[in-house]
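What follows is calculated from the coordinates using simple rules that are stated; it is not laboratory data. Predicted model only: the values in this text are computed from it and were never measured. Don't worry about glycine lacking a Cβ; one is built from the backbone with ideal geometry, like all the others, and counts go over all protein chains shown.
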Amino acid sequence: MWFILALASAIFAALTSIFAKIGIEGVNSHLATALRTVVVLIFAWGMVFLTSAHKGIGEISRRSWLFLVLSGLATGASWLCYFKAIQIGEVSKVVPIDKLSVVITLVLAFVFLHEELTTKSLIGTALIGAGTLMMVL
């Protein structure tokens, strides 16, 4: 199931890039990000209440709150940078660079989460990095 959800995530992320590039034309990138964020906020809270997940808010630890807030700040910063980048650049070049987040995530997961770096993941990381360079140069 995780694979299907991850694939769906990739498809929706691709649609996000295309829809955003079309929608951002003539719109300030920060305003566009804010509007997109409102839609995401409404959608996310709708899912929370639809699934009754709101009952678990009181059980969230301080540590989880801290890291969820930090994650939200990182997401906001990422979206602001991304929207400005696609506004002034070509989506076909911005997206591969944005997807270098895969490489950065693997390195950070190794350093901070002590996840295993296998030969397969190292080769994949190198290929993603090389592929990104080939696409944008």
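Quick notes on this one:
- Verdict on Ala85 being within 19 Å of Thr33 (Cβ to Cβ) and within 13 Å of the chain's Cα centre (by Cα): no
- Matching residues, region 19-33, being under 13 Å from Ala85 (Cα atoms) and within 19 Å of the chain's Cα centre (by Cα): Ala20, Lys21, Ile24, Ser29, His30, Ala32, Thr33
- Test result for Gly46, within 23 Å of Leu31 (Cα to Cα), out of contact with any helix residue (DSSP H, G or I) (no Cβ under 6 Å at 6 or more places or on another chain) and not polar (S, T, N, Q): yes
- Count of region 80-98 residues which are in contact with a helix residue (DSSP H, G or I) (Cβ under 7 Å, 6 or more places away or on another chain) and more than 21 Å from Phe67 (Cβ to Cβ): 13
- Glu115 fulfils the conditions (1) without any contact (Cβ under 8 Å) to a residue 60 or more places away in the chain; (2) under 26 Å from Ser29 (Cβ atoms); (3) over 14 Å from the mean Cα position of the chain (by Cα) except for a single criterion, (2).
- In region 47-137, counting only helices (runs of 4 or more DSSP H) that sit wholly within it, the ones holding 1 or more residues that are surrounded by 10 or more Cβ atoms within 10 Å (Cβ to Cβ) and basic (Lys, Arg) span 62-88, 91-98.
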